[in-house]
Amino acid sequence: MNKQTEQLIKKEINSHDIVLFMKGTPVFPMCGFSSNVVQVLNNIGTKFHSVNVLEDNSIREGIKEYSNWPTIPQLYVKNEFIGGCDIINEMFGNGELIDIFKNKGIKIDIKE
């Protein structure tokens, strides 16, 4: 990954409490896995920033190298890489994701 791509990724992660690197946008996800993570975040009721990796191939490939994680979507909370779709689903199911948000001071509004 080139230095410019790495700096752009770091800027996104450092500028927002929650960042989702995804295919598409929250309104129009371009893959089922990205859509699933958006639904989880919406169910938790938290605001998040998204980066559409389909708009820039250097980001799409660079984020995989940055996190040492081979798939997209990727979720970051307060500069910490949390995981991809399967991990997010598991953590949401067992309450661990909500605990992370609470411990990091992230405002949530869980949908019943």
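The values are calculated or read from the model by the stated rules, or taken from the named source; none is laboratory data. Just so it is clear, the model here is predicted, and its values are computed rather than measured. Don't worry about glycine lacking a Cβ; one is built from the backbone with ideal geometry, like all the others, and counts go over all protein chains shown.
When region 53-86 is examined, which residues are found to be of a type in the set (Val, Ile, Thr), under 20 Å from residue 40 (Cα atoms) and surrounded by 17 or more Cβ atoms within 10 Å (Cβ to Cβ)?
Taking region 53-86 and keeping what is of a type in the set (Val, Ile, Thr), we get 53, 59, 63, 71-72, 77, 82.
Add one more test, that the residue is under 20 Å from residue 40 (Cα atoms), and what stays is 53, 71-72, 77, 82.
Residues satisfying the conditions are 53, 72, 77, 82.
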Which condition does residue 72 not pass, out of (1) farther than 18 Å from residue 2 by Cα; (2) of a type in the set (Val, Ile, Thr); (3) assigned to a helix (DSSP H, G or I), if it passes all the others? (3)
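Residue 71 - would you say it is closer than 22 Å to residue 92 by Cα, β-branched (Val, Ile, Thr) and at pLDDT 95 or above? Write out each step before concluding.
Numbers: closer than 22 Å to residue 92 by Cα: yes; β-branched (Val, Ile, Thr): yes; at pLDDT 95 or above: yes.
So residue 71 fits the description; yes.
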Single residue of 100, 106, 110 found to be surrounded by 17 or more Cβ atoms within 10 Å (Cβ to Cβ) and either at negative phi or touching a helix residue (DSSP H, G or I) at 6+ places or on another chain (Cβ under 7 Å) (or both): 106
Are any residues in region 1-33 of a type in the set (Ser, Thr, Tyr) and surrounded by fewer than 18 Cβ atoms within 10 Å (Cβ to Cβ), and if so, which ones? 15, 25
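Of all the residues that make up region 26-52, how many are outside any helix (DSSP H, G or I), within 21 Å of residue 109 (Cα to Cα) and without any contact (Cβ under 8 Å) to a residue 60 or more places away in the chain?
Applying the first criterion (outside any helix (DSSP H, G or I)) to region 26-52 yields 26-31, 45-52.
Remaining after also requiring within 21 Å of residue 109 (Cα to Cα): 26-27, 45-50.
The next check asks that each one be without any contact (Cβ under 8 Å) to a residue 60 or more places away in the chain; those that pass are 26-27, 48-50.
So the count comes out to 5.
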Mind listing just one residue for me: the one in region 85-112 that is assigned to a loop (DSSP other than H, G, I, E, B) and farther than 27 Å from residue 30 by Cβ and, of those, farthest from the chain's Cα centre (by Cα)? 112
